[in-house]
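Accompanying notes for the structure given below.
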């Protein structure tokens, strides 16, 4: 979240969220600026931004602006990605000599 919205971060504690979830404060809007390069300018006016990505930079979900059901959509995408990773991991382990 942006530094100007940091005071609102406490609301996240009122929800049961995934254990591996990461939140942070984007002090200089570096993340917002990087995402704007990919998804276009004007995102600062379309907050909140919800991104679900992996360490390799694959983006599985991007949402901007307030939308009903984005939380449920995010949880479904997370579940699908985790299931696919388990399947890929199982295939990889089966192919080892």
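The values are calculated or read from the model by the stated rules, or taken from the named source; none is laboratory data. On a predicted model such as this, the values are computed, not experimentally measured, just so you know. Backbone-built Cβ (ideal geometry, glycine too); neighbour counts: all protein chains shown.
Things worth noting here:
- Looking across the range 44-73 at every residue that is modelled with pLDDT under 90 and touching a strand residue (DSSP E or B) at 6+ places or on another chain (Cβ under 7 Å), the one that is farthest from residue 1 (Cα to Cα) is identified as 59.
- Qualifying residue in the range 48-63 (condition: more than 25 Å from residue 82 (Cβ to Cβ) and either within 14 Å of the chain's Cα centre (by Cα) or in contact (Cβ under 8 Å) with a residue 12 or more places away in the chain (or both)): no
- Qualifying positions in the range 5-26 - over 22 Å from residue 78 (Cβ atoms) and exposed (fewer than 10 other Cβ atoms within 10 Å of the Cβ): 7, 10
- Given (1) within 16 Å of the chain's Cα centre (by Cα); (2) in a helix (DSSP H, G or I); (3) at pLDDT below 80, index of the condition residue 10 fails: (1)
- Restricting the range 13-32 to residues that are more than 16 Å from the chain's Cα centre (by Cα) and assigned to a helix (DSSP H, G or I), the residue that is modelled with the highest pLDDT: 14
- Scanning the range 2-43 for residues that are in contact with a strand residue (DSSP E or B) (Cβ under 8 Å, 6 or more places away or on another chain) and at positive phi yields one hit, 29.
- Residues that are in a loop (DSSP other than H, G, I, E, B) and surrounded by fewer than 11 Cβ atoms within 10 Å (Cβ to Cβ), drawn from the range 54-73: 54, 55, 56, 57, 58, 66, 68, 69
- Only one entry of 76, 91, 86 meets the criterion of being out of contact with any strand residue (DSSP E or B) (no Cβ under 7 Å at 6 or more places or on another chain), assigned to a helix (DSSP H, G or I) and modelled with pLDDT of 90 or more, and that entry is 76.
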